[in-house]
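Here's the structure, in structure tokens; my notes come after.
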Amino acid sequence: MSGTGTFAFTVHPRARLREDLARAWRPLGLVPESVYDAALRRLPLPPITMAGVQIGGERVGHVVLVPFGARHLLSDVEGGRRRVTRAVDRGAALGADVVGLGALTATVTAGGATLRGRSDIGVTNGNAFTAAIVEDQIRMLLPHVSARTTRPHIAIVGASGSVGSAVTKLLARDPAEARLTLIARTAPRLEALAASVAGDVDVTVALSIDAVQGADLVVLLTASADTILGPDHLAPGAIVLDATQPRNTSPALATARPDVLVVDGGIVSIPSLRLTGGEIGLPDGRSYACFAETAILALTGHRGHFSIGNPTLEQIDDIRARAGELSHLGFRMAAPTSFGAPVALERRATVIA
């Protein structure tokens with residue numbers, strides 16, 4: 001892979017601050033959660049280079065930790081934006097050609113739009129490849145949903161967001177035999193999205209998550225720090241594809257509703273991937289799709305910004321083609337898991353009453 005670029009990828013502590021900070025340095029797991037909450041809010045902590053990235057046996061990147069939790073980022077967007085900017089500075093100082101914005105570091109920078117003026121490093125929010133992988137997963141799951149009608153019902157929660165709108169357009173471009181319900185909190189953007197695909201797919205809109213109750217497949221694509229989907233929301237035998245970070249589902253859902261399958265969304269297989277010095281919550285050989293997009297851009301020699309704001313279908317086609325160039329390294333949809341454990345989809349073909 002000589003002659004290709006290198007990358008940095010920004011992450012942040014998610015819901016459990018102590019647990020996630022221990023991923024950067026194990027002794028940090030000894031400090032009480034309340035101490036972290038207060039410290040991260042009040043102290044101007046610098047970004048942390050928490051891990052090196054190896055793919056194909058070569059050092060190709062770094063993971064940079066933004067010392068601000070998920071709830072901190074959502075409640076103090078300006079403060080979070082400043083901290084993300086410092087993390088991008090760190091990536092540039094490490095010599096990275098492109099930086100990827102993981103989880104809510106993309107949200108607080110408006111999908112990277114606030115970083116568009118930078119010329120020292122390329123920026124991507126990773127949402128083009130995330131949309132591509134989520135579409136692949138949806139099409140993989142459709143034959144396994146509990147088909148109570150002739151056409152499965154897909155509910156997309158967070159449909160008007162960056163990934164949600166792209167996934168909606170992908171499903172409309174090559175229409176699946178399914179009905180779509182698009183769910184978001186902002187009516188104008190949601191209705192405009194529905195109108196743009198109405199000629200290609202059967203689509204309705206809703207402003208409440210309660211609208212998932214009739215869906216066979218629920219796709220979660222929100223920017224939230226909390227669990228938002230509970231056992232009472234779901235139809236018998238439903239499948240949930242949770243592509244959020246932090247997650248919008250809890251393992252307790254599987255206990256309360258054994259008929260429901262929760263599939264981990266946006267997960268990519270890169271068999272030779274290794275992180276040294278820290279980890280991001282996935283085993284070696286697997287990454288989140290936004291991370292994978294950043295690596296793909298660097299390894300194929302891309303320079304400048306890529307996916308900022310909402311990805312276009314052209315960008316999704318581009319990143320898929322670039323992933324194809326790296327097929328010898330993987331960069332494809334990972335085998336399905338549920339909260340990290342492998343699942344056999346063929347067992348979900350019928351509804352469990």
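Here S287 fulfils each of the conditions (1) over 20 Å from A103 (Cβ atoms); (2) modelled with pLDDT of 95 or more; (3) open to solvent by less than 20 Å² (accessible area, probe 1.4 Å) apart from (1).
Of the residues S224, S272, S250, the single one that is modelled with pLDDT of 90 or more, under 27 Å from D76 (Cβ atoms) and open to solvent by 20 Å² or more (accessible area, probe 1.4 Å) is S250.
Residues of segment 297-320 that are more than 19 Å from D120 (Cα to Cα), part of a helix (DSSP H, G or I) and open to solvent by less than 60 Å² (accessible area, probe 1.4 Å): L313, Q315, I316, D318, I319. When V262, V167, V212 are checked against the criterion of being under 16 Å from V343 (Cβ atoms) and open to solvent by less than 10 Å² (accessible area, probe 1.4 Å), a single residue qualifies: V262.
Against the conditions (1) in contact (Cβ under 8 Å) with a residue 40 or more places away in the chain; (2) open to solvent by 10 Å² or more (accessible area, probe 1.4 Å), P44 satisfies every one except (1). Might you check whether a residue that is surrounded by fewer than 24 Cβ atoms within 10 Å (Cβ to Cβ) and of a type in the set (A, V, I, L, M) occurs anywhere in segment 124-137? No: zero hits.
Applying the set (1) without any contact (Cβ under 8 Å) to a residue 12 or more places away in the chain; (2) crowded, with 20+ Cβ neighbours inside 10 Å to A341 leaves exactly one unmet item: (2). Assess whether A187 counts as being open to solvent by 20 Å² or more (accessible area, probe 1.4 Å) and farther than 20 Å from P311 by Cβ. Yes. Can you say whether G199 is part of a loop (DSSP other than H, G, I, E, B), touching a strand residue (DSSP E or B) at 6+ places or on another chain (Cβ under 7 Å) and of a type in the set (G, A, S), as far as the supplied structure shows? So G199 does not fit the description; no.
Can you name the residue in segment 258-269 that is modelled with pLDDT of 95 or more and not hydrophobic (A, V, I, L, M, F, W, C) and is also nearest to the chain's Cα centre (by Cα) among such residues? Ranking the qualifying residues of segment 258-269, first place goes to G266. Just one of the listed residues (A166, A176) is assigned to a helix (DSSP H, G or I) and of a type in the set (A, V, I, L, M, F, W, C), and it is A166. Would you check if T105 is assigned to a helix (DSSP H, G or I) and within 20 Å of S224 (Cα to Cα)? Against the criterion (assigned to a helix (DSSP H, G or I) and within 20 Å of S224 (Cα to Cα)), T105 qualifies.
Within segment 146-163, if we keep just the residues that are closer than 13 Å to A178 by Cα and surrounded by 24 or more Cβ atoms within 10 Å (Cβ to Cβ), the residue that is nearest to the chain's Cα centre (by Cα) turns out to be I156.
Just a yes or no: is a residue in segment 170-178 under 24 Å from A289 (Cβ atoms), open to solvent by 10 Å² or more (accessible area, probe 1.4 Å) and under 21 Å from the mean Cα position of the chain (by Cα)? Within segment 170-178, not a single residue is under 24 Å from A289 (Cβ atoms), open to solvent by 10 Å² or more (accessible area, probe 1.4 Å) and under 21 Å from the mean Cα position of the chain (by Cα). With the structure loaded, tell me whether A335 is in a helix (DSSP H, G or I) and aliphatic (A, V, I, L, M) or whether it fails that test. Against the criterion (in a helix (DSSP H, G or I) and aliphatic (A, V, I, L, M)), A335 does not qualify.
The values are calculated or read from the model by the stated rules, or taken from the named source; none is laboratory data. Since the model is a prediction, treat every value here as computed from it, not as a measurement. Neighbour counts are summed over all protein chains in view; Cβ atoms, including those assigned to glycine, are modelled from backbone coordinates with ideal geometry. These accessible areas exclude ligands, DNA and RNA; they are computed on the full protein's heavy atoms, side chains included. Shrake-Rupley method; radii C 1.70, N 1.55, O 1.52, S 1.80 Å.
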